[in-house]
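A quick write-up on the structure given underneath.
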Amino acid sequence: MKRILYFTATWCGPCTYVKPQLQEASNQISISFVDVDSSKDTVAKYNVKNIPCAVLIDGAGTELGRVVGSNVTKQSVINLYNR
């Protein structure tokens with residue numbers, strides 16, 4: 001089953017703006033919220049260099065796509081998930 005990994009941090013202004021919108025979207029799609037400061041292995045595994053970042057993965061953990069920075073919106077994440 002595919003899901004979105006949303007890479008975020010408490011100190012990231014844009015991340016905290018988008019997070020409530022994605023929490024709302026989690027009623028429609030599968031989203032896991034990943035704090036970059038406490039999940040360094042996951043950050044490294046998916047080569048996350050900028051946040052906010054939403055990565056679509058399949059059930060095996062393989063990346064299928066991503067949106068980064070100002071491109072991360074509720075609708076862009078839903079579109080990524082549904083593609």
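The values are calculated or read from the model by the stated rules, or taken from the named source; none is laboratory data. What you are looking at is a predicted structure, and each value in this text was computed from that prediction instead of being measured. Every residue, glycine as well, gets a Cβ built from its backbone with ideal geometry; the counts of neighbours run over all protein chains shown. For accessibility, only protein heavy atoms count, side chains too; no ligands or nucleic acids. Shrake-Rupley method; radii C 1.70, N 1.55, O 1.52, S 1.80 Å.
Using θ = phi - 60° and the Karplus curve 6.51 cos²θ - 1.76 cosθ + 1.60, what whole-Hz ³J(HN,Hα) does each residue of segment 32-40 get, with Gly and Pro shown as x?
The phi angles translate into 10, 9, 10, 7, 5, 7, 10, 10, 4 Hz.
Using a simple spin-label model with points 7 Å from Cα along the Cα→Cβ vector, what separation in nm is obtained for K2 and L64?
That separation, rounded to one decimal, is 0.3 nm.
Once phi is turned into θ = phi - 60°, what whole-Hz ³J(HN,Hα) does the Karplus curve with 6.51, -1.76 and 1.60 give for every residue of segment 62-69, x standing for Gly and Pro?
7, 5, 10, x, 7, 10, 9, x
In the Gaussian network model of the chain, springs joining C-alpha atoms below 10 Å, which of A44, A60, A25 carries the largest mean-square fluctuation?
A60
DSSP loop chymotrypsin sites (Phe, Trp or Tyr not before Pro) in segment 1-32 with at most 13 other Cβ atoms within 10 Å of their Cβ, which ones?
Hits after loop and neighbour filter: W11.
Could you list which residues have their amide H under 5 Å from that of R66, counting only those 5 or more apart in sequence or on another chain, with H placed in the peptide plane?
L56
Could you derive backbone 3J(HN,Hα) for segment 2-15 from the dihedral phi with the Karplus parameters 6.51, -1.76 and 1.60 (θ = phi - 60°), listing whole Hz in sequence and x where the residue is Gly or Pro?
7, 7, 9, 9, 9, 8, 8, 8, 5, 8, 8, x, x, 5
Mind grabbing the accessible area of T8 for me, 1.4 Å probe, Å², rounded to tens?
For T8, solvent-accessible area is about 10 Å².
Would you work out what percent of the accessible area of the chain, with all protein chains in place, is carbon or sulfur (probe 1.4 Å)?
Of the solvent-accessible surface of the chain, carbon and sulfur hold 49 percent.
On average over all directions, what projected area in square nanometres does the chain have, based on the convex hull of its Cα atoms?
Projected area, direction-averaged: 4.8 nm².
How about K2: which lysines have a C-alpha closer than 19 Å to its C-alpha, ignoring those fewer than 8 places off in the same chain?
K45, K74
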